[in-house]
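Contents: one structure, followed by commentary.
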Amino acid sequence: METARLFFGLAAALVVPWGLGWQRERPGLNAFFTLAYGIYAIAPYADEARPWLALGATALLALGTLLWHRSASTPVLGFSLTLPLSAGTPAGTKRLGIAAFGAAVPLSVWAAGAPTAAMGADLLSSDRTAVFMSALLMSVFGGGMLARAATVPVRREIEALEDSSAREAAMEFMSGGPAIGLLERGLLFAFLAAGQPEAAALVLAAKSLARVPTADHGKHASEYFLIGTLASVIAALVMSMAARSAIGLPVL
């Protein structure tokens, strides 16, 4: 179980920022997520040397990726802080609301007492939880990378269309694809990992009814829909089978 937790956890620490494109646009967040999630993955075995070596290798891979995609300009941290909060504006009110929610979380945990702390500690140290969470992240974000790579030829054909109306219709259809794909892969993985492939089939049926391209979108949109859906299914299926096998469950 230790090996499964380390493998899935450290792989997710690399794949998630890559899937979000942080290595190009937000190298600071990329490095922070990789280190933070990597430390979470090795935390129960921090008294051993092997997990730290694995984390070091993961950090080197992430650093190499950042340097590979580094532009001539100085990379930005990936987020900014604006102070002070202006409570008199709608934006300031939203910030105060977020701050209130943030303050409510530790207060609730403190009020709940020791049982909640013990439950949280059990979840953090649970190898099964780490394996499934890491596999879910790789399915959702790594599957997005797979879908983008698989649909590159179709997108190029759409961009090369001479008929502007057909091109715009296809581009409009594709605009919602990435966001829908994230939700689709998350649901597919959850149902497949839970051993409910029938429920996963219902997700695909619901997507087909709600998002099937029409004749107005053109044949390229249909190809994009089919290829993207198959890529999402493959990612969710492979990662769910790998996670179930890693913890000793039947693959389906």
* What is the magnitude of the charge dipole of the range 128-246 about its Cα centre, with +1 placed on the Cβ of each Lys and Arg, -1 on the Cβ of each Asp and Glu, and no other charges, expressed in debye to the nearest 20? -> 580
* **q = 0.12, 0.15 Å⁻¹, the range 128-246: log10 I(q)/I(0) [Debye, one scatterer per Cα]** => -0.45, -0.65
* Starting from the Cα of HIS69, move 7 Å in the Cα-to-Cβ direction to define the label point; list residues of the range 149-171 whose amide nitrogen is under 18 Å from there. => 149-152
* Asked: What is the percent of Cα-Cα separations in the range 1-80 that go past 14 Å?
  -> 58
* Unit charges at the beta carbon, dipole of the range 128-246: most positive-side option, PRO153, THR229, SER245 -> SER245
* Asked: To the nearest 0.05, how large is the calculated FRET efficiency for ALA210 and MET171 if R₀ is 25 Å and r is the Cβ-Cβ distance?
  -> 0.85
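If you place +1 on the Cβ of every Lys and Arg, -1 on the Cβ of every Asp and Glu, and leave all else neutral, what size is the dipole of the range 1-80 about its Cα centre, to the nearest 20 Debye?
The calculation lands at about 260 debye.
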* For every other residue with a beta carbon closer than 14 angstrom to the beta carbon of ALA243, add +1 if it is Lys or Arg and -1 if Asp or Glu, then tell me the sum. => +3
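Readers should treat all values here as calculations from the given coordinates under stated rules, not as data from a laboratory. The shown structure was predicted, so the numbers you read here are calculated from the model rather than taken from an experiment. Quick reminder, even Gly has a Cβ in these numbers, built from the backbone with ideal geometry, and neighbours come from all protein chains shown.
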